[in-house]
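What follows is a set of notes on a single structure, which appears directly below.
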Amino acid sequence: AAGVIQSPRHLIKEKRETATLKCYPIPRHDTVYWYQQGPGQDPQFLISFYEKMQSDKGSIPDRFSAQQFSDYHSELNMSSLELGDSALYFCASSPRLAGGTDTQYFGPGTRLTVL
Amino acid sequence: QKEVEQNSGPLSVPEGAIASLNCTYSDRGSQSFFWYRQYSGKSPELIMSIYSNGDKEDGRFTAQLNKASQYVSLLIRDSQPSDSATYLCAVGHNQGGKLIFGQGTELSVKP
């Protein structure tokens with residue numbers, strides 16, 4: 001079965017640079033979630049999109065922005081990178097059911113290292 | 001206090017034993033609950049979802065939910081060394097659907 005695809009899998013950037021992470025959800029899934037997981041931490045919700053509209057926003061820095069495109073893929077743009085942005089970034093997709101949460105399936109993640 | 005609490009472990013059990021993982025949550029209105037397994041450096045992998053009070057079994061895994069006590073657990077029967085991983089309890093937020101994770105319990109199954 002098709003899974004969530006994320007690219008790139010690894011990314012190394014310098015401080016103050018920008019980065020773009022991409023996520024391709026499971027076919028026919030219309031909802032995308034982004035999570036950040038620091039070393040030894042649990043995943044923290046950043047932002048989500050449903051039918052190409054932002055549906056919820058968590059602890060996402062103002063330096064970060066994201067969008068979902070007409071083909072449902074999503075991109076997380078990160079600017080003015082800081083050392084503390086080094087983390088695993090996961091995208092998850094779900095077939096949103098009306099009125100609640102449906103199961104989220106996670107992609108393999110992008111490991112971002114900021115030097 | 002975190003919204004979702006787990007014992008961080010490590011929990012060590014011998015091969016073939018039952019591993020019991022526990023989780024409590026603070027939002028009494030929560031409706032959806034998930035257990036994910038995560039190997040080091042890998043992504044969370046869904047094991048079980050549970051929405052109603054009681055038990056839900058899938059192979060060697062049984063999830064238990066008690067909404068009155070705001071408690072959800074995962075039992076792993078016949079534990080195998082390959083079950084050694086961090087187990088994340090997640091609660092679905094009613095508005096927007098984001099998952100709120102516990103800090104995870106590290107399970108070690110000894111041969």
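The values are calculated or read from the model by the stated rules, or taken from the named source; none is laboratory data. Computed from a predicted structure; not experimentally measured. All Cβ positions, glycine included, derive from the backbone under ideal geometry; neighbour counts span all protein chains shown. What goes into the accessible areas is simple: the full protein's heavy atoms, side chains included, and nothing from ligands, DNA or RNA. Shrake-Rupley method; radii C 1.70, N 1.55, O 1.52, S 1.80 Å.
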Next item on the list: Name, by its number, the condition in (1) more than 12 Å from B:Thr105 (Cα to Cα); (2) among the small types (Gly, Ala, Ser); (3) within 14 Å of chain A (Cβ to nearest Cβ) that does not hold for B:Gly59.
Entry: (3)
Check: Within the stretch B:43-62, can you find the residues that are modelled with pLDDT of 95 or more and open to solvent by 70 Å² or more (accessible area, probe 1.4 Å)?
Finding: B:Glu45, B:Asn53, B:Asp55, B:Lys56, B:Glu57, B:Asp58, B:Arg60
Notebook entry, point to check: Which strands (runs of 3 or more DSSP E) does the stretch A:29-115 wholly contain that include 1 or more residues that are open to solvent by 30 Å² or more (accessible area, probe 1.4 Å), farther than 21 Å from B:Leu88 by Cα and more than 10 Å from chain B (Cβ to nearest Cβ)?
Noted result: A:53-57, A:64-68, A:74-78, A:110-114
Next item on the list: Enumerate the pairs (first residue in the stretch B:41-67 and in contact (Cβ under 8 Å) with a residue 12 or more places away in the chain and closer than 18 Å to A:Tyr105 by Cβ; second residue anywhere and in a loop (DSSP other than H, G, I, E, B) and open to solvent by less than 30 Å² (accessible area, probe 1.4 Å)) with beta-carbon separation below 8 Å, excluding pairs fewer than 6 apart on the same chain, so at least 6 apart or on different chains.
Entry: B:Pro44/A:Pro43; B:Leu46/A:Thr103; B:Leu46/A:Gln104; B:Ser49/A:Thr103
